[in-house]
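Here the structure is laid out as structure tokens; the discussion comes afterwards.
The values are calculated or read from the model by the stated rules, or taken from the named source; none is laboratory data. In this text the structure is predicted, and so the values were computed from the model without any measurement. Heads up, the Cβs are rebuilt from the backbone with ideal geometry, glycines too, and the neighbour counts pull from every protein chain shown. The area values use the complete protein model at the heavy-atom level, side chains included, leaving out ligands, DNA and RNA. Shrake-Rupley method; radii C 1.70, N 1.55, O 1.52, S 1.80 Å.
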Amino acid sequence: MTETPCRSARPGRRDMLRATAGLAIAGAATKLAAPAVHAQEPVTLRYLGTAVNQSAEIAAKAKQDLGITIEYIPVTTDDVIRRAVTQPNTFDLLDMEYFSVKRVLPSGNLQGIEARRIKLFDKITPVFTRGVTAGGKTLGEQGTAPKKVQFITGRGSKDLASSPTEWMTLIPTTYNADTLGIRPDLIGRPIDSWAELLNPQFKGKASILNIPSIGIMDAAMVMEATGAYKYPDKGNMTRAEIDRTMAMLTEAKKAGQFRAFWSEFNESVNLMASGETVIQSMWSPAVTKVRSQGVQCIYQPLKEGYRAWATGFGMPRTLDGRKLDAAYEFINWFLSGWAGAFLNRQGYYSAVLETAQANMEPYEWAYWMEGKPAAQDIKAPDGSLLEKAGTTRDGGSYEERMGRVACWNAVMDENSYLIRKWNEFIAA
């Protein structure tokens with residue numbers, strides 16, 4: 001949280017999880033009763049995915065509540081896709097990005113998840129089922145908006161459904177809205193547009209994410225913000241649009257705009273904390289990490305909106321019998337609140353908001369989800385200080401942040417061409 005082609009970011013997100021969550025849960029209050037029924041017999045679920053939701057704490061809690069052993073198989077986003085397509089019998093539960101559905105589904109190796117077996121199906125945020133927030137704000141659909149790939153026509157179907165059905169591709173786990181990080185103390189004026197990333201004022205002090213299909217979408221947000229071009233779909237550019245976008249980035253690089261091109265979580269933290277960069281592509285927990293070092297850093301809301309991402313649980317076609325039942329048990333447990341609260345405390349968003357809320361202190365929910373000033377210090381699941389009392393979350397409430405999503409991470413039809421052009425840009 002590598003994500004090549006769309007999120008080599010994921011190894012960085014493993015570092016981020018460890019930086020913000022640690023390996024111990026100190027004082028994580030659980031307000032909902034844990035599931036009462038343990039697995040009928042000992043069962044182990046092999047959990048294939050990137051590191052975002054793979055935590056020792058979640059596995060330990062699932063073992064305690066369900067009697068199910070979670071065996072993590074941490075790999076890059078590309079390897080998640082590769083194994084799902086070629087080796088569906090090597091895992092029992094798949095945790096992958098929503099954009100990956102279009103690459104995995106045609107293999108026939110995803111079995112539909114039966115909506116009626118998901119106890120909280122009706123409580124899953126409509127961000128995934130209808131493309132709107134609970135408050136009714138319509139989300140941007142450029143890129144792979146989850147609702148485009150959420151449903152299929154039958155259990156073993158390779159065809160996406162254009163409207164909700166009883167069969168789902170994935171059950172959402174985490175999602176978020178990404179923007180630019182800035183150093184307000186070194187910039188000294190308001191920043192409100194993606195266009196500022198290429199402002200000559202920040203020559204040699206800007207950085208962009210070196211992951212082709214994310215970096216180019218950030219660049220597209222810049223391009224549109226300057227008024228130079230408006231994309232029909234930033235998440236699925238033509239070759240001509242890729243060329244146009246890369247030409248803009250290359251011109252900026254030749255002019256000395258960029259200090260670095262980062263691809264790993266701690267790299268982005270170090271660039272900002274040291275002051276080597278003052279504006280750059282960033283992730284929310286990385287901004288928090290910079291602030292934890294006593295350095296001013298803001299995850300800046302921008303008038304053009306956010307670029308979003310989402311992950312979800314899928315089931316391989318080979319899963320059946322007791323392991324299939326256990327997978328449903330685990331997914332239902334994951335949605336029941338404890339895991340959602342655990343992830344919300346790190347700045348992510350969970351699939352079922354009300355159960356997560358029931359597992360959080362009122363002041364935590366007010367800070368993370370309602371955009372209110374923290375009534376007391378905000379701490380990570382390991383008890384370490386994240387934010388001091390009185391601070392507010394950058395970007396405000398859940399409705400404000402998710403309600404301003406402009407596009408979603410995606411793999412373009414011209415992905416191979418994009419990667420070639422991006423590598424030429426980095427090497428130039």
Practice item. State the extension gain, in nm to one decimal, for the chain segment bounded by THR86 and LYS230, taking 0.36 nm per residue of separation less the distance between their alpha-carbons. Key: 48.0 nm
Check your understanding: Just for the chain, what percent of DSSP beta bridges are antiparallel, to the closest 5?
Key -> 60 percent
Point to revise | Rounded FRET efficiency, nearest 0.05, which uses the C-beta distance separating SER107 from ASP192 and R0 of 60 Å | key: 0.85
Practice item. Quick one: grab the alpha carbon gyration tensor of the chain, order the square roots of its eigenvalues as a ≥ b ≥ c, and give me rounded if a/c is under 1.5, else prolate or oblate depending on whether a/b is larger than b/c. Key: oblate
Exercise for review: Might you tell me the accessible area per residue for the chain, computed with a 1.4 Å probe and given in Å²?
Suggested key: 36 Å²
Check your understanding: Once phi is turned into θ = phi - 60°, what whole-Hz ³J(HN,Hα) does the Karplus curve with 6.51, -1.76 and 1.60 give for every residue of the stretch 242-253, x standing for Gly and Pro?
Key -> 4, 4, 4, 5, 5, 4, 4, 5, 5, 4, 5, 5
**Study point:** Rounded percent of accessible protein surface that carbon and sulfur make up, the chain, 1.4 Å probe
**Key:** 49 percent
**Study point:** Whole-Hz ³J(HN,Hα) from phi, Karplus 6.51 cos²θ - 1.76 cosθ + 1.60, for the stretch 360-373, glycine and proline x
**Key:** 10, 5, x, 5, 5, 4, 4, 6, 6, 10, 9, x, 8, x
Practice item. Search the structure for amide H atoms under 5 Å from the amide H of GLN142, placed 1.01 Å from N in the peptide plane, and list their residues when 5 or more places away or on another chain. Key: TRP408
Practice item. Report the label-to-label distance for GLU370 and LEU385 in nanometres (one decimal), using points 7 Å from each Cα along the Cα→Cβ vector. Key: 2.4 nm
Review point. What is the dipole size for the stretch 313-380, taken about its Cα centre, with +1 at each Lys and Arg Cβ and -1 at each Asp and Glu Cβ, in debye to the nearest 20?
Key: 220 debye
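Would you please calculate the Kirkwood hydrodynamic radius of the stretch 270-320 over all C-alpha pairs and express it in Å, rounded to one decimal? Intermediate values should be presented prior to the final figure.
Working: mean 1/r = 0.0728 Å⁻¹.
Answer for the stretch 270-320: a Kirkwood hydrodynamic radius of 13.7 Å.
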**Study point:** Tensor-based shape of the stretch 115-156 (alpha-carbon gyration tensor, a/c under 1.5 rounded, otherwise prolate or oblate)
**Key:** oblate
Study note, to complete from the structure: In whole percents, the bins of 5 Å from zero upward hold the Cα-Cα pairs of the stretch 141-243 as 2, 10, 16, 17, 15, 13, 11, 7, 5, 3, 2, 0
Practice item. Enumerate the aspartates and glutamates that LYS254 could reach by cross-link, defined here as Cα to Cα under 14 Å, with residues fewer than 8 away along the same chain left out. Key: GLU424
Review point. Per the Kirkwood definition applied to all pairs of different Cα atoms, how many angstroms is the hydrodynamic radius of the stretch 285-428?
Key: 18.0 Å
Revision key, fill the gap. Counting only residues 5 or more apart in sequence or on a different chain, those whose built amide H sits under 5 Å from that of ILE73 are TYR47, LEU48, GLY49
Point to revise | Simple label model, 7 Å out from Cα along Cβ direction - SER274 to ARG317, nm | key: 4.9 nm
Check your understanding: What pairs in LYS102/LYS421; LYS203/LYS379; LYS289/LYS421; LYS203/LYS388; LYS234/LYS388 have C-alpha atoms more than 29 Å from each other?
Key -> LYS203/LYS379; LYS289/LYS421; LYS203/LYS388; LYS234/LYS388
Practice item. May I ask you to compute the full-extension gain from ILE426 to ASP377, defined as 0.36 nm times their residue separation minus their alpha-carbon distance, rounded to one decimal in nm? Key: 13.5 nm
Point to revise | Farthest toward positive dipole pole in the chain [+1 Lys/Arg, -1 Asp/Glu at C-beta], among GLY235, ALA161, ALA56 | key: GLY235
Review point. With every protein chain in place, what's the accessible area of SER268 (1.4 Å probe, Å², nearest 10)?
Key: 0 Å²
Practice item. Just check the stretch 192-316 against the gyration tensor rule for me: Cα atoms, a ≥ b ≥ c as the square roots of the eigenvalues, rounded for a/c under 1.5, and otherwise prolate or oblate depending on whether a/b exceeds b/c. Key: oblate
Study note, to complete from the structure: Given a Förster distance of 22 Å, the FRET efficiency implied by the Cβ-Cβ spacing of GLU267 and VAL295, rounded to the nearest 0.05, works out to 0.90
Point to revise | Förster-model FRET efficiency, 25 Å R0, ALA134 and THR165, C-beta, rounded to 0.05 | key: 0.70
Practice item. Give the residues of the stretch 105-149 whose amide nitrogen is closer than 20 Å to a point set 7 Å from the Cα of THR238 in the direction of its Cβ. Key: 142-144
